[in-house]
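The structure appears below as structure tokens.
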Ligand SMILES: Cc1cc2nc3c(=O)[nH]c(=O)nc-3n(C[C@H](O)[C@H](O)[C@H](O)COP(=O)(O)OP(=O)(O)OC[C@H]3O[C@@H](n4cnc5c(N)ncnc54)[C@H](O)[C@@H]3O)c2cc1C
């Protein structure tokens, strides 16, 4: 909730305080007393808090924030609902500035869900058709989350188990479902994957993205819950932050391990004013796909990715400088290819903005271009990482075991003789190479490859979106025009002449 007057901007300290709310988070078999202090999460929490402090700095306020109509306070531009191309680009610049603070490594920073919810709010008519009370719940939650500039996370995917069976036929208590309802709300039980950033978020959107069939109404719901909701159990994956040696050794994983967690709903009661979709299998799809929600949330992901790939290209360049290979023609060629790939991803982003469409009052990025970018980048990311590995060779491994080696005079002397470089001091060379390993080779780096390959859905899902949104009439029309410009009869007549 808002602290210190109703018109001030959210601060990092306020965000940290908001997480001391008695949420139930487990890691390594233990219940976490306070995520803001626990070694598994505290630096990621600080990185999230820094987002709010950054935007509140006087020099950044205009770039990063806006004042919604009818509101008395400025909030992140992620909550802005662009009415035209200029506003879309203005909003994007704010999102890129936030992404730059983690070099693009925080995939589900608060602007991700703000983008998803902006899209749902733009498409409120879809919810109105589903029911006036459900639409009001969406509007009220949007207003509440936006006014307080909250960090919202989401779980919209069911845990993998038996893909041969429908979601409704999975073992009891696996897929989150409505197990009860009364005049005050619904009760849900079961699990959802995979709440990235949930441990440091304020609210959780729970929905179902995967196709459902009639008869699966128990799992056809969406709602929002505070992260300290009674019965919500958060089961964290391994913390890379906790295993980071130091900022010098692991500059990314020590600070930007945004965490992923399984959410288990142990008979969680959701009041009706937080229920957005109720027992409607098609509405589970429509809330994302008949509104601009899916486009906006994944457009945000592409914005962030431009920053991450730019960073990785910069890292590749520094690695080659560290080992003295930059000017070898084949290495220059490889760096040029990485630069071209960054250029391509930036161009796709500009393209989806420039070819955006007016949907009623709102301006929405080009849907097919966004899906095209998604298909291309989920395949590009592992190749990009592979190229950086290829450029680096054994340098990523021939490194001091930790910063502590520099503290031993004998070892330090050897490091300074063996970590030589034509362009940088040994200490700097080690710094560059450790940052590179953290980004692409560490367990944290490896999780990022999995993330970029899957956050938007497996390949058959993303290519399906691309297939459905492509203008096949235009494509086949060109073919048909060609085919209709000649005939077999014409060819035979020509032969008989
Ligand atoms: C790091 C990370 C963070 C994530 N964060 C979030 C989050 O914050 N919120 C959230 O809701 N979700 C999150 N997810 C989940 C993510 O959305 C899913 O992983 C993604 O949608 C793919 O679904 P799945 O994992 O069930 O894979 P599946 O759909 O099971 O696919 C796995 C593989 O199985 C095969 N396969 C399965 N079904 C088919 C089929 N019908 N046809 C062909 N091949 C098939 C394919 O080879 C596919 O690549 C995250 C995932 C990762 C890895």
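We did not get these values from a lab; they are worked out from the coordinates using the rules stated. Given the structure is predicted, the values throughout are model-derived calculations rather than measurements. Using ideal geometry, Cβ is built from the backbone for each residue, glycine included, and neighbour counts are taken over all protein chains shown.
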Work out, step by step, the length gained on full extension between residue 332 and residue 180: first 0.36 nm times the residue separation, then minus their alpha carbon distance; give nm to one decimal. 48.5 nm
Based on other C-beta atoms within 10 Å, arrange 20, 489 from fewest to most. 489, 20
Go through 311-317, 167-173 and give me the packing order, highest mean Cβ count within 10 Å leading. 311-317, 167-173
Remind me, relative contact order of the chain in percent, using alpha carbon pairs under 8 angstrom and six or more residues apart? 16
Residue separation times 0.36 nm, minus the C-alpha to C-alpha distance between residue 459 and residue 401: what's the value? 17.1 nm
Residues of the stretch 187-215 with amide N under 19 Å of the 7 Å Cα→Cβ point at residue 165: 189-193, 210-215
Going by average Cβ neighbours within 10 Å, how do the peptides 287-293, 34-40 rank, with the highest at the top? 287-293, 34-40
At 10 °C and 1.306 mPa s, what whole-number value in µm²/s does Stokes-Einstein give for the translational diffusion of the stretch 21-89, with Rh from the Kirkwood sum over Cα pairs? 107
Structure-based [θ]222 nm, the chain - -39500 (n - 2.57) summed over DSSP H runs of at least 4, per residue, nearest 500: -15500 deg cm²/dmol
Simple label model, 7 Å out from Cα along Cβ direction - residue 90 to residue 210, nm: 4.2
Dividing the alpha-carbon radius of gyration of the stretch 116-161 by 2.2 N^0.38 Å (N being the number of residues), what value is obtained? 1.33
Put in order of increasing Cβ neighbours within 10 Å, starting from the fewest, 59, 249 give 59, 249
Rounded to the nearest whole number, the Stokes-Einstein translational diffusion coefficient of the chain at 10 °C and 1.306 mPa s (Kirkwood radius, C-alpha pairs) in µm²/s is 65
Added length on full extension, which subtracts the Cα-Cα distance from 0.36 nm per residue, residue 376 to residue 475: 33.7 nm
Over the Cα atoms of the stretch 256-380, what radius of gyration and what Dmax do you get, in Å? 20.5, 65
Rounded FRET efficiency, nearest 0.05, which uses the C-beta distance separating residue 71 from residue 446 and R0 of 25 Å: 0.05
Neighbour counts of other C-beta atoms within 10 Å: give me 203, 443 arranged from fewest to most. 443, 203
Evaluated at q = 0.12, 0.21, 0.25 Å⁻¹: base-10 log I(q)/I(0), Debye formula over Cα of the stretch 186-249: -0.44, -0.97, -1.20
Can you give me the three principal axis dimensions of the stretch 22-155 from its C-alpha atoms, in Å, biggest first? 45, 40, 26
Quick check: convex hull over the Cα atoms of the stretch 347-497, volume per residue in Å³, rounded to an integer? 245
